[in-house]
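Q: One structure, as structure tokens, below. Some questions next.
The values are calculated or read from the model by the stated rules, or taken from the named source; none is laboratory data. Small disclaimer: the values here were computed from a predicted structure and weren't measured. Counting neighbours? That spans all protein chains shown, and the Cβs are built from the backbone with ideal geometry, glycine included. Ligands, DNA and RNA are excluded from the accessible area calculation, which covers all protein heavy atoms including side chains. Shrake-Rupley method; radii C 1.70, N 1.55, O 1.52, S 1.80 Å.
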Protein chains: 2
Amino acid sequence: MFFSKTCEYAIRAVIFIAQKSEGGKKVGIREVAAGIDSPEHFIAKILQDLSKRQLIQSSKGPNGGFYIGDASRRHTLADIVSAVDGDKVFKGCGLGLKICSETKPCPLHNQFKEIRKKMQVALQSATIGEFNESLNLGLSYIKER
Amino acid sequence: MFFSKTCEYAIRAVIFIAQKSEGGKKVGIREVAAGIDSPEHFIAKILQDLSKRQLIQSSKGPNGGFYIGDASRRHTLADIVSAVDGDKVFKGCGLGLKICSETKPCPLHNQFKEIRKKMQVALQSATIGEFNESLNLGLSYIKER
DNA sequence: AAAATAAAAGACTAAAAACTCTTTTATTTC
DNA sequence: GAAATAAAAGAGTTTTTAGTCTTTTATTTT
């Protein structure tokens, strides 16, 4: 709707991993998939990509898994979204016009400008690390049940 | 991004037809496709559907075509979007969670609530008819070139 | 009534997104 | 150094969305 399915899973996974790996622990792919209700092999692909892009970390072998180091913890969700879906949610025209600008705006240009701005603020205002706090306090959830 | 391609074309087409059919005239499918830069056969399908749903009108035969009557002119873009994409853009969770509510919110719930609200206001605040005025005044555009 | 016009309907194909399965590579533990 | 573990890589399949082509039906004009 706002994001691709891939991106939704990515966001949920990153928040999940950040929370689970707070004390330096690592999380296996199976645990991530179960923890965010996503298809296992699909989220594996997504995490591989995020790992390549240094947005999360991983290590192979026994006791290996995914984790998020201190540096990556300072990233925002906007970084994740940009990496997965590109910047269309921050920039693209709401009506899909290639040319849509201040000087040649679509009929919804001004309204969408505000919506995109709000989106950007929402995704940039808090770091990955900060999201954990609300999860830890039981103020928000990333799993259905 | 926010809407499906089908929905983007639908919105553009409805605005276009509303403008072109202001004086009781009708617009052929070819003119619509050219006017909003969309594939001809594809927009034909979309308009068929909108016509069935009474969001636009059509008539066959010579001098036939699509038009928007006075009653339909009072619809808003929200009606078009709901008809084509359903209400996910107004209701669904930003992270794709099936269960996401005030009592069990996702980490972005409150921010997205505002964004969806803004979206709804943007699409509901002006009727199809009202959009024409800004087009007629050259204040907005629905075509690239 | 025949010819012309234009949308409706139906049956497709193409491309993208979502998802799965198998094999390989790196790392650790015994 | 062999066995076990876990991610990386690669090569698929399935489903959905986007887009095309052909035939039919309704209406109008001559």
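Q: For segment B:114-125, name all the residues that are in contact with a helix residue (DSSP H, G or I) (Cβ under 8 Å, 6 or more places away or on another chain) and either open to solvent by less than 20 Å² (accessible area, probe 1.4 Å) or farther than 20 Å from B:ARG74 by Cα (or both).
A: Listed by number, the residues that qualify are B:GLU114, B:ILE115, B:ARG116, B:LYS118, B:MET119, B:ALA122, B:LEU123.
Q: Restricting to segment B:45-77, give me the number of residues that are part of a loop (DSSP other than H, G, I, E, B), over 15 Å from the mean Cα position of the chain (by Cα) and not basic (Lys, Arg).
A: So the answer is 5.
Q: Given the condition touching a helix residue (DSSP H, G or I) at 6+ places or on another chain (Cβ under 7 Å), closer than 16 Å to B:CYS106 by Cβ and within 11 Å of chain B (Cβ to nearest Cβ), answer yes or no: does some residue in segment A:73-88 qualify?
A: Yes, because at least one residue in segment A:73-88 is touching a helix residue (DSSP H, G or I) at 6+ places or on another chain (Cβ under 7 Å), closer than 16 Å to B:CYS106 by Cβ and within 11 Å of chain B (Cβ to nearest Cβ).
Q: What's the total number of residues in segment B:121-142 that are over 17 Å from A:LYS117 (Cβ atoms) and under 14 Å from the mean Cα position of the chain (by Cα)?
A: Within segment B:121-142, residues that are over 17 Å from A:LYS117 (Cβ atoms) and under 14 Å from the mean Cα position of the chain (by Cα) number 11.
Q: Is there a residue in segment B:59-72 that is touching a residue at least 12 places away in the same chain (Cβ under 8 Å) and either within 7 Å of chain A (Cβ to nearest Cβ) or of a type in the set (Lys, Arg) (or both)?
A: No, because not a single residue in segment B:59-72 is touching a residue at least 12 places away in the same chain (Cβ under 8 Å) and either within 7 Å of chain A (Cβ to nearest Cβ) or of a type in the set (Lys, Arg) (or both).
Q: Within the bounds of segment B:102-121, is there any residue that is within 17 Å of B:GLN19 (Cβ to Cβ) and more than 8 Å from chain A (Cβ to nearest Cβ)?
A: No, segment B:102-121 contains no residue that is within 17 Å of B:GLN19 (Cβ to Cβ) and more than 8 Å from chain A (Cβ to nearest Cβ).
Q: Going through segment A:34-60 one residue at a time, which ones are hydroxyl-bearing (Ser, Thr, Tyr) and near DNA strand D (Cβ under 10 Å from one of its atoms)?
A: A:SER51, A:SER58, A:SER59
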